[in-house]
Amino acid sequence: MHSGTRTSHRLVTLVAASALAAGLLAGCADDGSEDGSKAAGGGRDGGRTTITVGTFGVFGYQQAGLYKEYERLHPDVRIKENVIERNDTYYPQLLTHLAAGSGLSDIQAVEVGNINEVVTTQADKFEDLSKAPGVDKSRWLDWKWAQATTKDGRTVGLGTDIGPTAMCYRKDYFRQAGLPTQRDEVGKLWAGDWRKYVDVGTAYMKRAPKGTTFTDSAAGLFAAVNNGYAERFYDRAGKLIYRDSPAVKTAWNLAMRAATGKMTARLKQFEKPWDQAFANGRFATVACAPWMLGYIKEKAGAAGEDKWDVAPAPRPANWGGSFIAVPKAAKNKAEAIKLAAWLTAPEQQARVFAKQASIPSTPSAYAMPEVKDARNPYFGGAPTGKIFSAAARGIPTLVIGPKDQQIGNAFSDVGILQVEQQGKSPAEGWNAALKDIENAVDG
């Protein structure tokens, strides 16, 4: 998902796709084939090699016209995309096919929340792409490349997009609460420190427009803060540190300040009441990755246009991102490696951004017009390409462990919700989260 604690951003993109226009999120999941075939393995089709690409949700390659372009450049190649909507369905199937050594697409997508498990337990089942033709390690953000690389230097996946975090906020609510509304000034309110963000929340609540809160959820705040640290649930040696982690403690304490200070709408993200809260205008801020802008537009609708804006987050963090990999059992490995390298090149990542609003993991793409000059009219013409690209450069190399998702969900969906929705004390919520984690990770 997202980095560990939230619903897969591919699913969010799928939901939001129909709502975006003018070169932002567009399209819907499509298998990319002319006949709708869902066959996993590639083969020969009328003398052409058929390369199959297995993905979850919307990756944007079909929508940005990249498959057709590659087929034009390589007349002997045909591409079929096999889409499963949800990663929580897709990934278990991928593991099953890897174990069997059959039923695999020539290229398989891997979500960031699963990349550690693939690197540590499945690397021998994937091709090493570090020395593949057209692949240059220096093109990628260091931390993105590192996430898909084994300790002995084999790179099992090439980075696609990332999810740098910004803050989406309601200008009209800020104005009514006596706060600045211009995005540069808003960013200065909390620059460099999430504690300042919560301080702004305290100020907001003193003059909050009736029926509104400062932010959507304490869990959203927890994740945004936590994902700005390199070591969160695990240290670099792979040791579990969630009990004493400075990242977790800081994120938890700030989330508790927001929850007990009644700054949150007490919502669980990506559930129906949260969706409705956008339309009803119940909160003034929400941490947002670039792919989430389309989701907000979809849920807030025409009534929210030019009321929402985008400002930098207090500190860089990551929410989302994926990789594409080539299984050793793929039927067309050589051709699949060439396609994977081409799809993840900076030029193609910039084209996907223009259509899909997915920030590239290759920094040179940030200077390309498709990214550098991007503005979002729904969000007051916010220079989203510049805002999210700047955030991307500051994201630390996140240490992702095998139980990241379960640990993050325990804090967000168990501990925090007990405080926020059931009135439990922060200590009770913390203990409930730890108990849930212990059941998941055996200590």
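Aromatic (Phe, Trp, Tyr), modelled with pLDDT of 95 or more and buried (at least 23 other Cβ atoms within 10 Å of the Cβ): which single residue out of Phe126, Phe59 fits that description?
Being aromatic (Phe, Trp, Tyr), modelled with pLDDT of 95 or more and buried (at least 23 other Cβ atoms within 10 Å of the Cβ) holds for just one of Phe126, Phe59, which is Phe126.
Can Pro346 be described as modelled with pLDDT of 95 or more and touching a Ser or Thr at 6+ places or on another chain (Cβ under 7 Å)?
Criteria met by Pro346.
So, of the residues in segment 351-363 that are surrounded by fewer than 24 Cβ atoms within 10 Å (Cβ to Cβ) and under 16 Å from Arg375 (Cβ atoms), which turns out to be modelled with the highest pLDDT?
Of everything passing the filter in segment 351-363, Ala354 is modelled with the highest pLDDT.
For Val399, indicate whether it is assigned to a loop (DSSP other than H, G, I, E, B), touching a Lys or Arg at 6+ places or on another chain (Cβ under 9 Å) and at negative phi.
Details: assigned to a loop (DSSP other than H, G, I, E, B): yes; touching a Lys or Arg at 6+ places or on another chain (Cβ under 9 Å): yes; at negative phi: yes.
Answer is yes for this residue.
If Val248 meets every condition in (1) crowded, with 24+ Cβ neighbours inside 10 Å; (2) within 22 Å of Ala311 (Cα to Cα) apart from one, which number is that one?
Condition (2) is where Val248 drops out.
Working only within segment 291-306, note down all residues that are among the charged types (D, E, K, R) and either in the same structural domain as Phe59 (by TED's automatic domain parsing) or in contact with a Gly (Cβ under 8 Å, 6 or more places away or on another chain) (or both).
Listed by number, the residues that qualify are Lys297, Asp306.
In segment 160-212, what residues are surrounded by 14 or more Cβ atoms within 10 Å (Cβ to Cβ) and of a type in the set (S, T, N, Q)? Full working, then the answer.
Filtering segment 160-212 for residues surrounded by 14 or more Cβ atoms within 10 Å (Cβ to Cβ) gives 160-174, 176-177, 179-181, 183, 186-191, 194-201, 203-205, 208-209, 212.
Thr160, Thr165, Gln176, Thr181, Thr212 - these are the residues of segment 160-212 that are surrounded by 14 or more Cβ atoms within 10 Å (Cβ to Cβ) and of a type in the set (S, T, N, Q).
Does Ala336 qualify as being assigned by TED's automatic domain parsing to the domain that holds Thr121, within 20 Å of Ile107 (Cα to Cα) and aliphatic (A, V, I, L, M)?
When the stated conditions are applied, Ala336 passes them.
Got a number for residues in segment 140-159 being modelled with pLDDT under 95, surrounded by 17 or more Cβ atoms within 10 Å (Cβ to Cβ) and not in a helix (DSSP H, G or I)?
Qualifying residue count, segment 140-159: 1.
Go through (1) outside any loop (DSSP other than H, G, I, E, B); (2) closer than 23 Å to Glu231 by Cβ; (3) not β-branched (Val, Ile, Thr) and name the single condition Gln421 misses.
Every listed condition holds for Gln421 apart from (2).
Would it be correct to say that Leu141 is under 27 Å from Lys68 (Cβ atoms), of a type in the set (A, V, I, L, M) and out of contact with any His (no Cβ under 8 Å at 6 or more places or on another chain)?
no
Is it true that Leu221 is touching an Asp or Glu at 6+ places or on another chain (Cβ under 7 Å), among the aliphatic types (A, V, I, L, M) and touching a residue at least 24 places away in the same chain (Cβ under 8 Å)?
For Leu221, the condition - touching an Asp or Glu at 6+ places or on another chain (Cβ under 7 Å), among the aliphatic types (A, V, I, L, M) and touching a residue at least 24 places away in the same chain (Cβ under 8 Å) - is not met.
Scan (1) under 21 Å from the mean Cα position of the chain (by Cα); (2) under 19 Å from Ser364 (Cβ atoms) for the single condition Thr165 breaks and write down its number.
The one condition Thr165 does not meet is (2).
Restricting to segment 282-307, name every residue that is buried (at least 24 other Cβ atoms within 10 Å of the Cβ), of a type in the set (A, V, I, L, M, F, W, C) and modelled with pLDDT of 95 or more.
Phe283, Ala284, Val286, Ala287, Cys288
For segment 416-435, indicate whether the set of residues that are closer than 30 Å to Trp145 by Cβ and touching a Leu at 6+ places or on another chain (Cβ under 9 Å) is non-empty.
So far as segment 416-435 goes, no, none of its residues is closer than 30 Å to Trp145 by Cβ and touching a Leu at 6+ places or on another chain (Cβ under 9 Å).
The values are calculated or read from the model by the stated rules, or taken from the named source; none is laboratory data. Computed from a predicted model, the values in this text were never measured in an experiment. Neighbour counts run over all protein chains shown; Cβ positions are idealised from the backbone, glycine included.
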